[in-house]
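Okay, so here's the structure we're looking at.
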Amino acid sequence: MRNHFLLLLLFSFSCRNEKKPYILAFLQKWIDERDTLYTKEVYIYKENGFALIPKAEINDTPLPITDFSYHWYLYSEGKKFLPGKRYEMLITHDAGTATAEILFPGDFSILKPDDNFILHKDSSLQIIWERAKYANSYLLSAYVSYSYIDTNGNSRSFSFSQDTIITDTTLFYPKEILFPGDLRQINWGEGRIEIKAIDGSIIWPGVKENIKGMGHGFFYGINHSGERYFTIAGRAKNRK
């Protein structure tokens, strides 16, 4: 599955008019309620196009082209790969070669909150997870949504959503950002947390790209924790 922040990186940098192509690549392991999905994707972009079709390899295995235009190519496949292993990327194109490597983060789990957690009115939320081997950062996505009765007796709704890049393995949300000041009673609600362990250039302003040679851009390894749901002050609606 593709990451919105990775696609933003692609389009932010792809307008440079250079001989070096812009490259954005990632390996991702994604866990949902029914399956575990594996993805390898490489985007190669050059504003003026290519004289020869580029070749993308990961650990000496060529990736198939799955989409293209005159100035970009997409390579992808969904074969299973192993966490905790080194992956080397080689891009060969008409102006030379570009390389990068990552150590794909190991598997990890969310420790807190657990599956039976209930977030009560005026409570804070602390999230704790295991450290994933080889990860240098984490992308934590938190979402809270509920309906409530305000102090004037009106029915209202509230939602909170935030993505955070962090190098630690804990994050604290104070009650002031989770509950509005006019809240009197919560009717129902649900929260969701997911965490991605990442190796590659940390996604902070000013951090350098990790692709070398005749190419520039980013190569990431992303391992997913799976989603953790919790109830907000009562019985949550059934998830579809």
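The values are calculated or read from the model by the stated rules, or taken from the named source; none is laboratory data. Every value quoted in this text rests on a predicted model; they were computed, and no experiment measured them. Here the Cβ positions follow ideal geometry from the backbone for every residue, glycine too, while neighbour counts run over all protein chains shown.
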- Message: With the structure loaded, tell me whether SER141 is assigned to a strand (DSSP E or B), over 26 Å from PHE108 (Cβ atoms) and among the small types (Gly, Ala, Ser) or whether it fails that test.
- Response: no
- Message: Checking GLU227 against (1) within 25 Å of LYS80 (Cβ to Cβ); (2) surrounded by 18 or more Cβ atoms within 10 Å (Cβ to Cβ): exactly one of these is not met. Which one?
- Response: (2)
- Restricting attention to the range 117-139, does a residue exist that is modelled with pLDDT of 95 or more, of a type in the set (Val, Ile, Thr) and loosely packed, with under 14 Cβ neighbours inside 10 Å? yes
- Task: Report, by residue number, each residue of the range 197-217 that is crowded, with 23+ Cβ neighbours inside 10 Å and out of contact with any Pro (no Cβ under 9 Å at 6 or more places or on another chain).
- Result: GLY200, ILE211
- Task: Search the range 47-76 for residues that are outside the structural domain of TYR22 (by TED's automatic domain parsing) and pair each with any residue that is at pLDDT below 95 and in a loop (DSSP other than H, G, I, E, B) when their beta-carbon atoms are under 6 Å apart and the residues are at least 6 apart or on different chains.
- Result: none
- Task: May I ask you to verify whether PHE172 is assigned by TED's automatic domain parsing to the domain that holds GLU101, touching a strand residue (DSSP E or B) at 6+ places or on another chain (Cβ under 6 Å) and part of a strand (DSSP E or B)?
- Result: no
- Item | Which listed residue, of SER225, SER157, SER147, SER161, is assigned to a strand (DSSP E or B), small (Gly, Ala, Ser) and in contact (Cβ under 8 Å) with a residue 60 or more places away in the chain | SER225
- Message: For the range 200-220, check the following and say yes or no: at least one residue is farther than 30 Å from LYS55 by Cα and in contact (Cβ under 8 Å) with a residue 40 or more places away in the chain.
- Response: no
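Based on this model, can you work out whether ASP94 counts as of a type in the set (D, E, K, R) and under 30 Å from HIS71 (Cβ atoms)?
yes
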- Message: Condition first: crowded, with 18+ Cβ neighbours inside 10 Å and of a type in the set (Gly, Ala, Ser). Now tell me which residues in the range 140-167 satisfy that.
- Response: ALA142
- Message: Checking the conditions here, which among ILE65, ILE23, ILE31, ILE58 is among the β-branched types (Val, Ile, Thr), surrounded by fewer than 17 Cβ atoms within 10 Å (Cβ to Cβ) and within 17 Å of MET89 (Cα to Cα)?
- Response: ILE65
- When the range 95-110 is examined, which residues are found to be within 16 Å of LYS40 (Cα to Cα) and assigned to a strand (DSSP E or B)? THR99, ALA100, GLU101, ILE102, LEU103
- Query: In the list LYS85, LYS79, which residue meets the criterion of being surrounded by 14 or more Cβ atoms within 10 Å (Cβ to Cβ), among the basic types (Lys, Arg) and either in contact (Cβ under 8 Å) with a residue 12 or more places away in the chain or out of contact with any helix residue (DSSP H, G or I) (no Cβ under 6 Å at 6 or more places or on another chain) (or both)?
  - Reply: LYS85
